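The values are calculated or read from the model by the stated rules, or taken from the named source; none is laboratory data. Everything numeric here is computed off the predicted structure, so don't read it as measured data. Backbone-built Cβ (ideal geometry, glycine too); neighbour counts: all protein chains shown.
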Amino acid sequence: MAKAKLKQKEIETIAARAPAETHPADGPSLKSHWPEKRKLIRKMRDLYEKRLDYEIRWKAIRDYQLPFIGEFDNTADKTNPARRRDLEIAQGVAWLAAQVFAAGVMSGLTPPSRQWFKLGFSNSAMSGDIEATRVLDIRQEIVSAVLSKSNFYNSIHSVYLELPFGQCPMAIFYDPSTGIRCVPMTIGTYALGVDGFGKVQTFARKYEMSLAQIVDCFGQENLPQHLQQQATNGTGLDKKHTVNWLVESNDKRLPGYMDRLNMPYRSVYWLDKSQDNEFLYVGGFEEWAIPVARYLVNGLEPYAKGPGWFAEGDSKALQTMKKDLLTAIEIGVKPPMKGPASLLNNGGINLIPGGMTAVDDQSQLFVQPLFQVNLDIDHASQEIIRTEDAIKRHYSADLFLMLDSVDNGQMTAREIMERTQEKLQQLGPVVERLQDEFLTPIIVRIYNILERSGAFPPIPPEIQERISDEDIKIEYISPLAQAQKMSGLVNIEQALATTLQMAQAWPEVLKKVDPIGTLSKYFEMLGAPAAMQRSDDDVKKLIEQEQQALQEQQQTQEAMALMQAAAPAAQAAKNMTEAANDGNPAMAAWLGMGGGAGEV
């Protein structure tokens with residue numbers, strides 16, 4: 001399973017750079033260190049040129065499969081966003097399959113109704129430190145609460161809906177009211193670049209905003225001079241302007257400076273046709289702020305291939321077959337007719353039900369179809385169904401709808417679980433990539449934003465000392481992630497079952513199993529919260545207390561047994577003494593009492 005590290009020391013250093021009510025990005029910038037705008041424009045132009053070949057495929061996928069997604073230049077997407085986009089589609093099975101795919105990934109990978117990730121320590125020895133683990137559990141609950149309060153789940157569903165194109169970025173910004181604000185980017189509005197390791201480290205976007213929106217977002221004082229005058233006069237507020245946004249690794253960082261220009265990633269906004277020294281905003285991010293969800297990536301390509309790529313041929317064939325079938329049905333119902341030319345003088349042939357066509361009785365006039373259509377409608381319909389099923393398989397819609405077709409009356413719960421696990425493991429590589437490239441940077445970003453803003457409660461000094469050198473890892477416990485880990489849990493269950501069966505004949509095999517260690521590993525793989533577990537020290541103390549109580553109970557029982565064994569002898573001695581006192585000379589002599597046979 002993909003794991004990411006949040007370095008605790010690094011987070012504390014970032015949090016200590018600025019007052020609690022501010023963020024590093026809010027510090028004063030050094031205008032003398034602003035980037036060179038011409039280089040930024042050239043880089044953005046290169047990024048958009050490199051995506052031209054991909055853009056052809058994206059438009060084809062949209063035209064024949066997902067007509068309601070995307071925004072492309074040189075189309076009416078911007079000038080007439082309300083126009084119909086599905087004119088090439090006669091059968092919309094791909095759109096329905098995409099809906100099922102997005103909902104399935106949402107519920108399987110990031111379900112809003114349950115916990116789908118867990119924070120832990122990379123050092124396995126720290127798993128026994130329950131106090132430290134509970135600190136991470138509290139922070140995990142805060143992160144989860146922020147996800148629920150913000151627009152995260154609505155945004156990430158939009159991301160999953162765009163995955164058939166191959167990829168979808170989602171920017172994450174700080175928001176003072178909800179903690180974070182997510183902005184998914186639709187296909188056609190962005191360009192990507194990767195580093196030498198294939199990681200997306202460059203993001204470019206062009207989009208249109210009205211002058212009023214630009215003022216709201218960036219402030220009137222940051223506008224070019226001529227637009228400041230328009231904003232002041234209240235003219236042209238509805239006119240659209242093209243905003244350019246470029247985010248990349250900051251190779252111009254100056255060591256020791258705390259301003260927003262010296263962060264690991266540079267973020268720059270500017271307007272088209274503005275002057276070289278005119279920027280809407282120049283800043284940066286402490287961590288990568290625009291994670292990109294990608295489906296299938298080849299080598300060092302920045303763009304991925306998704307279900308829409310694989311279903312493109314079937315989707316185009318489906319539209320052709322559907323249109324041909326509808327045409328054949330229409331011709332069969334209303335075939336083209338032939339008849340004498342004289343009928344044209346009377347207005348032609350009336351094909352309306354109940355209509356009348358006038359003909360001359362003296363001639364042998366008759367009307368008949370121009371040709372016969374002998375199409376096998378059933379065969380064509382079956383071929384359409386097979387093509388639809390193929391598209392659904394490309395989108396994994398059959399996988400996510402599998403449980404709907406399970407006959408619960410004939411299958412046990414165990415069989416259902418195993419069959420579900422087998423199906424879900426088919427998405428294993430996609431799940432791994434989404435966790436590693438997309439979800440992990442999201443959690444890292446949100447965690448650091450909350451850390452810098454002081455949203456986490458303070459850590460007790462004694463715990464802080466223990467975890468200051470420890471790295472934090474992210475574990476995923478969503479249904480899809482657990483389906484992949486289920487094989488490990490099944491191995492533990494099978495090993496225990498086999499041990500218990502053997503113990504019926506050979507009890508000594510139980511000594512092979514460490515129950516505490518086995519349960520701890522099982523809890524770890526399940527992602528059980530720390531609140532339901534005791535620390536190793538507490539368990540040790542409980543075992544010692546039980547052993548001591550058992551020992552004391554055993555000693556008490558032994559003392560009681562001695563007392564019970566001594567009771568008959570004491571009673572016999574008492575009886576003998578009473579008999580001697582009653583004048584029994586033999587008993588008295590035997591006990592050594594006076595009054596024996598030699599006495600008068």
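Of all positions in segment 123-132, at least one carries a residue that is part of a loop (DSSP other than H, G, I, E, B) and in contact with a helix residue (DSSP H, G or I) (Cβ under 7 Å, 6 or more places away or on another chain).
Got at least one residue in segment 171-185 being touching a Phe, Trp or Tyr at 6+ places or on another chain (Cβ under 8 Å), farther than 15 Å from ASN151 by Cβ and of a type outside the set (S, T, N, Q)? No, every residue in segment 171-185 fails to be touching a Phe, Trp or Tyr at 6+ places or on another chain (Cβ under 8 Å), farther than 15 Å from ASN151 by Cβ and of a type outside the set (S, T, N, Q). Restricting attention to segment 96-120 and to residues that are surrounded by fewer than 20 Cβ atoms within 10 Å (Cβ to Cβ) and part of a helix (DSSP H, G or I), the residue that is farthest from the chain's Cα centre (by Cα) turns out to be LEU96. Residue-level analysis places MET44 among those that are modelled with pLDDT of 90 or more, crowded, with 17+ Cβ neighbours inside 10 Å and out of contact with any Phe, Trp or Tyr (no Cβ under 8 Å at 6 or more places or on another chain). Contact annotation: residue pairs with Cβ atoms under 6 Å, 6 or more positions apart or on different chains, pairing a residue in segment 172-189 that is in contact (Cβ under 8 Å) with a residue 12 or more places away in the chain with a partner that is acidic (Asp, Glu) and outside any strand (DSSP E or B), are THR186/GLU71; ILE187/GLU162; GLY188/GLU71; THR189/GLU71.
Is one or more of the residues making up segment 507-527 among the basic types (Lys, Arg), surrounded by fewer than 10 Cβ atoms within 10 Å (Cβ to Cβ) and modelled with pLDDT of 70 or more? I'd like the intermediate steps shown before the answer.
Going residue by residue through segment 507-527, those that are among the basic types (Lys, Arg) are 511-512, 521.
Now restrict to residues that are surrounded by fewer than 10 Cβ atoms within 10 Å (Cβ to Cβ): 511.
Okay, now just the ones that are also modelled with pLDDT of 70 or more, so 511.
Within segment 507-527 (the criterion being among the basic types (Lys, Arg), surrounded by fewer than 10 Cβ atoms within 10 Å (Cβ to Cβ) and modelled with pLDDT of 70 or more), the answer is yes, since at least one residue qualifies.
For segment 232-289, filtered to residues that are outside any strand (DSSP E or B) and among the polar types (S, T, N, Q), the residue that is farthest from the chain's Cα centre (by Cα) is ASN233. Picking from residues in segment 535-568 that are under 30 Å from GLN501 (Cβ atoms) and loosely packed, with under 14 Cβ neighbours inside 10 Å, the one that is modelled with the lowest pLDDT is LEU542. Scanning segment 423-461 for residues that are of a type in the set (Lys, Arg) and over 16 Å from the mean Cα position of the chain (by Cα) returns LYS423, ARG452.
A search for C-beta distances below 9 Å between a residue of segment 252-263 that is free of Cβ contacts under 8 Å to residues at least 12 places away in the same chain and surrounded by 12 or more Cβ atoms within 10 Å (Cβ to Cβ) and any residue that is assigned to a loop (DSSP other than H, G, I, E, B) and of a type outside the set (A, V, I, L, M), counting only pairs 6+ apart in sequence or on different chains, returns ARG253/PRO264. Within segment 179-199, identify whether any single residue is in contact with a strand residue (DSSP E or B) (Cβ under 8 Å, 6 or more places away or on another chain), of a type in the set (Gly, Ala, Ser) and under 15 Å from TYR303 (Cβ atoms), and answer yes or no. Yes, segment 179-199 has at least one match. Taking segment 39-59, which residues are aliphatic (A, V, I, L, M) and either closer than 28 Å to ASP276 by Cβ or in contact with a helix residue (DSSP H, G or I) (Cβ under 6 Å, 6 or more places away or on another chain) (or both)? Of everything in segment 39-59, those that are aliphatic (A, V, I, L, M) and either closer than 28 Å to ASP276 by Cβ or in contact with a helix residue (DSSP H, G or I) (Cβ under 6 Å, 6 or more places away or on another chain) (or both) turn out to be LEU40, ILE41, MET44, LEU47, LEU52. One residue stands out in segment 296-313 among those that are crowded, with 22+ Cβ neighbours inside 10 Å and in a loop (DSSP other than H, G, I, E, B): the one that is farthest from the chain's Cα centre (by Cα), namely ALA311. The combined condition, being in contact (Cβ under 8 Å) with a residue 40 or more places away in the chain and either within 22 Å of LEU163 (Cα to Cα) or not aromatic (Phe, Trp, Tyr) (or both), is not fulfilled by GLU221.
On the given criteria, is ILE416 at pLDDT 90 or above, of a type outside the set (Ser, Thr, Tyr) and in a helix (DSSP H, G or I)? So ILE416 fails the test.
Residue count for segment 324-337 satisfying the condition of being assigned to a helix (DSSP H, G or I) and surrounded by 14 or more Cβ atoms within 10 Å (Cβ to Cβ): 6.
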